[in-house]
Amino acid sequence: VQLQASGGGSVQAGQSLKLSCIASGSIFSRYNMGWYRQAPGKDRELVAELTNVGSAFYADSVKGRFTISRDNAKSTVYLQMNSLKPEDTAVYYCNAEVYGSTSWGRGTLVTVSS
């Protein structure tokens, strides 16, 4: 699976961004999709995931602010990020898991200034 993330940028605290990740392959609807992030000097962490049956999980730090969604017809997963904080600054990566195989896309940088 090849993944291409986009939508990152530089915003001020309180603003919003929407990330997109397009996946290759004809069985996107079977993929479990996730968004991870890695801040400078920190480990990569799970931000949100959305299973192929529609179950969503969010890290506590983003609950109520971020929303993960998918459009199977477009083979795309989204991450709507509202009320951004400086601590959300990181490189964001999308991830796909299907049949025990995991793929990563290139990251997209999100910078939030105070």
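Criterion applied to Gln38, Gln80 was being within 9 Å of the chain's Cα centre (by Cα), open to solvent by 20 Å² or more (accessible area, probe 1.4 Å) and within 19 Å of Thr108 (Cα to Cα), and the one residue passing it is Gln80.
Out of the range 23-34, which residues are buried (at least 17 other Cβ atoms within 10 Å of the Cβ) and either touching a Phe, Trp or Tyr at 6+ places or on another chain (Cβ under 6 Å) or not aromatic (Phe, Trp, Tyr) (or both)?
Scanning the range 23-34 gives Ala23, Met33, Gly34.
Residues that are in a strand (DSSP E or B), in contact (Cβ under 8 Å) with a residue 40 or more places away in the chain, under 11 Å from Tyr92 (Cβ atoms) and among the aliphatic types (A, V, I, L, M) within the range 18-59 comprise Leu19, Val47, listed in sequence order. For the range 1-12, a residue qualifies if it is open to solvent by 50 Å² or more (accessible area, probe 1.4 Å) and farther than 20 Å from Trp104 by Cβ, and the qualifying residues are Ser10, Gln12. Among the residues making up the range 41-78, those that are touching a Lys or Arg at 6+ places or on another chain (Cβ under 9 Å) and of a type in the set (D, E, K, R) are Arg44, Glu45, Arg65.
The values are calculated or read from the model by the stated rules, or taken from the named source; none is laboratory data. Here the structure is a predicted model, which means the values were calculated and not measured. Cβ sites come from the backbone with ideal geometry, for glycine too, and all protein chains shown count toward neighbours. Just the protein is used for accessible areas: all its heavy atoms, side chains included, with ligands, DNA and RNA removed. Shrake-Rupley method; radii C 1.70, N 1.55, O 1.52, S 1.80 Å.
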